[in-house]
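The values are calculated or read from the model by the stated rules, or taken from the named source; none is laboratory data. The structure displayed is predicted, hence computed values, not measured ones. Here the Cβ positions follow ideal geometry from the backbone for every residue, glycine too, while neighbour counts run over all protein chains shown.
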């Protein structure tokens, strides 16, 4: 199965989780590559995905659309007077999916970030038939942000394959210490906690049955 890695917000660790998954899947002898359909601002995420994928694909397939403006894709498209070609995104994904066993698609920002006025990353996940991995920063506010994201998936009839609590802060406060157990109780989806510097993603692969 192929997956969209989305976040409860920007800066929660989507690229860290995406790259860790790609490396771990490839290390288990499963052919896996990353994709960043739309990148805005500095293309460091694309470079990280390419490194994790051992650069087996061309940049224009891994990242078919790039904007210089570091804003939501739809906003960047307005500012730069360009239109995002959804058919081109689908075509690039189809070419990658035809060649590789697993494609990890990294979103931009959160799940409802607009790509077009009436098209966001929920629609992209549905069009590409992706399971969805939700990354949340393990800090105060994670309960609300994570539940809202998972609820948006449920209402769109999209599968939440996994919720990853990413410890982006060095010291764990009380919220970070309790978020996992609370979310495990509240969500109808598997939840794991991941240290931000942790190199072992085998627990993610086990939950995804890869």
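In table form, for the structure just shown:
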read-out	value
Scan of region 185-210 for residues that are modelled with pLDDT of 90 or more and either surrounded by 14 or more Cβ atoms within 10 Å (Cβ to Cβ) or assigned to a strand (DSSP E or B) (or both), ordered by number	187, 189, 190, 191, 192, 193
Filtered residue count, region 1-54, keeping only those that are free of Cβ contacts under 8 Å to residues at least 12 places away in the same chain and surrounded by 24 or more Cβ atoms within 10 Å (Cβ to Cβ)	0
Any hit, region 141-148, residues being at pLDDT below 95, in contact with a helix residue (DSSP H, G or I) (Cβ under 8 Å, 6 or more places away or on another chain) and buried (at least 19 other Cβ atoms within 10 Å of the Cβ)	yes
Options 163, 103: the member that is over 26 Å from residue 65 (Cβ atoms), surrounded by 20 or more Cβ atoms within 10 Å (Cβ to Cβ), modelled with pLDDT of 95 or more and in contact with a helix residue (DSSP H, G or I) (Cβ under 9 Å, 6 or more places away or on another chain)	163
Of all residues in region 117-140 being out of contact with any helix residue (DSSP H, G or I) (no Cβ under 6 Å at 6 or more places or on another chain) and either without any contact (Cβ under 8 Å) to a residue 12 or more places away in the chain or in a strand (DSSP E or B) (or both), the one that is surrounded by the most Cβ atoms within 10 Å (Cβ to Cβ)	133
Test: residue in region 166-183 that is under 14 Å from the mean Cα position of the chain (by Cα) and either crowded, with 18+ Cβ neighbours inside 10 Å or assigned to a loop (DSSP other than H, G, I, E, B) (or both)	yes
Of all residues making up region 57-81, the number that are touching a residue at least 24 places away in the same chain (Cβ under 8 Å), touching a strand residue (DSSP E or B) at 6+ places or on another chain (Cβ under 7 Å) and part of a loop (DSSP other than H, G, I, E, B)	6
